[in-house]
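Note sheet for the following structure.
The numbers here are math on the coordinates, done by the rules we state, and not lab data. Every value quoted in this text rests on a predicted model; they were computed, and no experiment measured them. Cβ atoms come from the backbone with ideal geometry, glycine included; neighbour counts cover every protein chain shown.
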Amino acid sequence: MYLKKGEDGHLVIRFNVETDQTVRREGSNIISKHYITLTEALLGCSLVINTVQGAQTIEFKQGVPSSGFRYTLSNKGIGGQGDHIAEIDIVMP
């Protein structure tokens, strides 16, 4: 690939960012999609959410409300300003 010559002493770096099917950004918020089984929803479970500040474990007690439930991790979004929102979908057998 040919890049135009920059000024002496300048370094030009080009990044290609691929789309992720499980994570998207909305402003300063990050929304991630996670799946649990019907058994996990009924009996309770732990789920590890990878945020930009590191992994966070959330505990679900028995009876997650419904598929599409959103769990908000405050100030875990972009720059510690936005939120990380975990969308939880229940996978039916």
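Some points to look at:
- Note on the chain: percent of Cα-Cα distances in each 10 Å bin, starting at 0 and stopping at the bin with the largest distance, equals 14, 36, 23, 13, 8, 5, 1.
- Computed from label points 7 Å out along Cα-Cβ, the spacing between Y35 and R70 is 2.2 nm.
- Segment 15-86: chymotrypsin sites (Phe, Trp or Tyr not before Pro) in DSSP coil with no more than 14 other Cβ atoms inside 10 Å: F15
- The N50 and R14 beta-carbon pair, evaluated with R₀ = 22 Å, returns a calculated FRET efficiency of approximately 0.25.
- Remark: the Q21-T57 segment gains 10.8 nm on full extension, using 0.36 nm per residue and subtracting the alpha carbon distance.
- GluC sites (Glu not before Pro) lying in DSSP loop within segment 9-93, provided at most 16 other Cβ fall within 10 Å: E18
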